[in-house]
Each structure stands twice: as C-alpha cells, then as structure tokens.
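For reference, the structure is listed below as structure tokens.
The values are calculated or read from the model by the stated rules, or taken from the named source; none is laboratory data. Owing to the predicted nature of the structure, the values given are computational and were not obtained by experimental measurement. All Cβ positions, even for glycine, are placed from backbone atoms using ideal geometry, and neighbour counts span all protein chains on display.
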Amino acid sequence: MNPATTLTPSLAIVVVAAGRGSRAGEGIPKQYRAVAGEPIITRTLRALHKGAPQAPILVTIHPDDKALYDAAVALLEPAARQALREPVAGGATRQASVRAGLEALASEAPDIVLIHDCARPFVSPQLMARAITAAQASGAAIPGLAVTDTIKQVNEEGRIESTPPRALLRAVQTPQAFSYDLIATAHRLAASTGQAELTDDGAVAEWAGHAVHVFEGDPENMKVTNPQDFAAAEARMLGQLLDIRTGQGFDVHAFTEGDQIWLGGVSIPHTKGLLGHSDADVLMHAITDAIYGALADGDIGSHFPPSDPQWKGAPSDIFLRHAAQRVRERGGMIAHVDGTVICEAPKVGPHRDAIRAKLAQIMGVDVSRVAVKATTSEQLGFTGRREGVAAMALATVRLPA
Ligand code: MG
C-alpha cells in the first residue's frame, strides 16, 4: 500500500442551511426550529463536530437568517463553536450554496470535504468515518440505502413509464464525501456552463464525468423536512432523554438603598435596591441553583465563588447560562423551570412575560418551558416586613439514560 494513503487526510465540512424550508409549514425556516428544545441546526452542528472534532465547519446560510444562526450557534459548546468558520451566504439553489461554501474553504485547502444537509441532525460518527474512508478510496462517495418500496418512473400525466429493478436503486443521504479539489472543480465547471439545478453533490461529480461510489448509509440519519418528520425527530430525541430529574433552588437578598431591582434579568423600578455580591438577581439565582440541583452539580457558590472578586457586580445571566450549558454538555435538555418570587413589593405580574422571555433566551429554551409566579407572604416574616425578596424555583432536566 502506498504510505501516503495511510496518512490522516485533512478534512473540512460544508453544511447547507440556506434553504427556506417551506415544506415544514409556516414560520421560521425549518433548520432553526426547535426539536426537543433546541434548533435542528444546533444539533446537526454538534453531531458533526463530535464525529470530526478537528475539522473546520462552514455553514451556508440565507442572508436574512444571520440572527437565527447566531442564536443557534450560541447554544453550542465552546469547542464546537471554535470549529465554525464565518458562515457564508448561500445562493438561489442548493448547488449554488454548496459552491459558495466550497469557495470559502479554498484557503483551508482540505484533502477531503464532507457536504451535509443541515436537516439531518442524527448523523453519527460511524457514518462520517465511513464517508471519509470512502472518499479517500475513490475521491467521490455518497451514502445510500437500499429501497424497500418499488419505485416507478412516471410521465407528466402520472402514467407509469418504467419500473426500475429495485435491487439496483439506492436512496441517497448526506454527508457526501469528496476529494476537495475534485468537487470544487466540478462545481465551478457546472456553474460556468449554466448547469444549476443538480440536487446533490454526487450528481455534480457525476455530471463532471467522475465515478461516484455509494457506501452504506444509515437508516437513523433521517432528513427532517415535513411536519411529521419533526414529530418523529422529537419523539426519537426525547426517547433518548429518559433520565428525568428535578432540582430545587432557593435564594434571598436584602433590600438596600437603590431605585431598581433585577428579577430574572429584567430591571424593575422600585424604591429600593437589592444587596448582593453580584447584581443580586434573586430569581435568577434560585433558578440557576435548581438546574445545578437537577444535575447534582454543586451550586452557584461552588462554580462562582463569592470570594473571587471577578464576580463582584456580575450580571447573573453568566450563572444561568453556565448552568444551561452544563445540561447541554451532558447531552440533556431543560424541560421546564418554575420560579416563584416572594415579596410585598414591587409587583412582579406586569413584568412576568418580559422575565419569562429573558430567562428563556438566556437558557436557550422555548418560553413555553419557563414559568414565573409571584406571591406575598401576607406581611409575615422578613418578606412581609419588606426587608428583602425571596425566590424559590424548580427545574426539570432530561438527560440521556
Ligand atoms: Mg443570591
């Protein structure tokens, strides 16, 4: 064997996420929609990074989706975020979007490139390894599955014209894997000759005259396209998160001089402030501790020691973001948080929805998973005497079984 072929090839990944995803129904493009509490694109990027931790990942997006993209990748672990290159604007067709991604990787000069559809979040390290091996061997390789349905070719009136032998048919998936130079050249050639509607990269390589090989795909590597796909993907992900835990948190801060207090990341005007080492956001502290509690992972004080001056006056969203990240690092999701603020004043009700929205954004979950309630203590005890504010919280977390 030629020793050169045993060297580890350099690898890069292009993710196609520029589509508008109208088949999944109205609303934001499907790749940014949440499945089991997290956008599809976040899950896809995490899975790709897991399968190839050294590979740079470049995503082609629709220019209108930059804010959605930024919010989705903010949920990734730091190592996965570091693998991401600046996203590039896709084109009018899938083919044009892939080409834009390939051109943007030119300076990386990878040996092998994997091209993956953003709508396939279940891509496994094993499938990626097969793709890389196949591309090293043949230069152009795509994953395929034998079809179980008989396929008919029909004319425009729907009349059958032929029945191709099923044994010779394959349903193809992504990641498709290529020698970078081969596929970049094929894309440039196709674009320069006006060939613009090829629906996968295997077809681009084929059109350019290359032999394209099919390797074994993965039936789990489903494409999430239609509303029923979303339901199936959600069920599958929740089915992997069967270790369901509840944690509680409790916190108190005393009133001091001031003209506002922070509750759940929202500034509320008041005749007093709250005393604390950080911004004294009593509700956010209770929720953060509830999440740490569900993980059996210490408390705010153990992760952010009050003796450390760097947390003096710190905005408490640092703490909550950290706790939510710890859940994701374990492969889990925050199913629900429920916080109760206990004080005679200020009134929390008028700010409830703003607080819920802010907490949801910090944790990276849908607002429907965040409850905020308030009560007085009927003028009894320290909260009744208006000496301070107390908060209680529960967090329900789902982790892989
Ligand atoms: Mg506190």
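Quick grid of which residues meet (1) under 16 Å from residue 102 (Cβ atoms); (2) in the same structural domain as residue 103 (by TED's automatic domain parsing); (3) not hydrophobic (A, V, I, L, M, F, W, C):
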position	(1), (2), (3)
113	yes, yes, no
116	yes, yes, yes
138	no, yes, yes
152	no, yes, yes
159	no, yes, yes
163	no, yes, yes
168	no, yes, no
Would you please list the contacts, defined by Cβ atoms under 7 Å and residues six or more apart or on different chains, that run from a residue in region 267-287 that is touching a residue at least 40 places away in the same chain (Cβ under 8 Å) and assigned by TED's automatic domain parsing to the domain that holds residue 351 to a residue that is charged (D, E, K, R) and near the ligand (Cβ under 8 Å from one of its atoms)? 282/251; 285/251; 286/251
Has region 378-401 got any residue that is at pLDDT 95 or above, closer than 16 Å to residue 249 by Cβ, surrounded by fewer than 22 Cβ atoms within 10 Å (Cβ to Cβ) and charged (D, E, K, R)? no
Of the numbered conditions (1) more than 13 Å from the ligand (Cβ to nearest atom); (2) surrounded by 23 or more Cβ atoms within 10 Å (Cβ to Cβ); (3) at positive phi, residue 280 fails exactly one; give the number of that condition. (1)
Would you check if there is a residue in region 125-146 being more than 25 Å from residue 59 (Cβ to Cβ), at pLDDT 95 or above and within 31 Å of the chain's Cα centre (by Cα)? yes
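Suppose we keep only residues that are surrounded by 13 or more Cβ atoms within 10 Å (Cβ to Cβ) and outside any helix (DSSP H, G or I) within region 305-320. Which one would you say is farthest from the chain's Cα centre (by Cα)?
Filtering region 305-320 for residues surrounded by 13 or more Cβ atoms within 10 Å (Cβ to Cβ) gives 311, 314-320.
After this cut, where a residue has to be outside any helix (DSSP H, G or I) as well, the list is 314-316.
Working: 314: 27, 315: 25, 316: 23 Å.
This residue is 314.
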Are any of the residues in region 177-192 within 30 Å of residue 36 (Cβ to Cβ), assigned by TED's automatic domain parsing to the domain that holds residue 125 and in contact (Cβ under 8 Å) with a residue 24 or more places away in the chain? yes
Take region 40-77 and flag every residue that is acidic (Asp, Glu) and over 13 Å from the mean Cα position of the chain (by Cα). 64, 65
Can you tell me which residue is nearest to residue 276 (Cα to Cα) among those in region 364-377 that are at pLDDT 95 or above and crowded, with 21+ Cβ neighbours inside 10 Å? 372
What's the number of the condition residue 97 fails, among (1) under 15 Å from the mean Cα position of the chain (by Cα); (2) modelled with pLDDT of 95 or more; (3) among the polar types (S, T, N, Q)? (1)
Subset tally (residues that are of a type outside the set (Lys, Arg) and either farther than 18 Å from residue 390 by Cβ or away from the ligand (no atom under 14 Å from the Cβ) (or both)) for region 240-264: 12
Residue 291 passes all but one of the listed conditions (1) hydrophobic (A, V, I, L, M, F, W, C); (2) outside any strand (DSSP E or B); (3) more than 19 Å from residue 366 (Cα to Cα); (4) away from the ligand (no atom under 12 Å from the Cβ); the exception is number (3)
Filter pass, residue 156 being of a type in the set (D, E, K, R), without any contact (Cβ under 8 Å) to a residue 12 or more places away in the chain, assigned to a loop (DSSP other than H, G, I, E, B) and over 25 Å from residue 91 (Cα atoms): yes
The condition of being within 16 Å of the ligand (Cβ to nearest atom) and either hydroxyl-bearing (Ser, Thr, Tyr) or within 18 Å of residue 394 (Cα to Cα) (or both) holds, among 318, 334, 342, only for 342
Expected output for region 340-358 (first residue touching a residue at least 60 places away in the same chain (Cβ under 8 Å), partner part of a loop (DSSP other than H, G, I, E, B) and among the β-branched types (Val, Ile, Thr), Cβ below 9 Å, 6+ apart or cross-chain) is 341/348; 345/271; 345/376; 346/271; 355/348
Do we have any residue at all in region 305-314 that's modelled with pLDDT of 95 or more and either closer than 15 Å to residue 393 by Cα or within 15 Å of the ligand (Cβ to nearest atom) (or both)? no
Condition first: of a type in the set (Val, Ile, Thr), surrounded by 15 or more Cβ atoms within 10 Å (Cβ to Cβ) and within 13 Å of the ligand (Cβ to nearest atom). Can you find one or more residues in region 321-331 that meet it? no
From the residues in region 103-119 that are part of a loop (DSSP other than H, G, I, E, B) and under 19 Å from the mean Cα position of the chain (by Cα), which one is surrounded by the most Cβ atoms within 10 Å (Cβ to Cβ)? 118
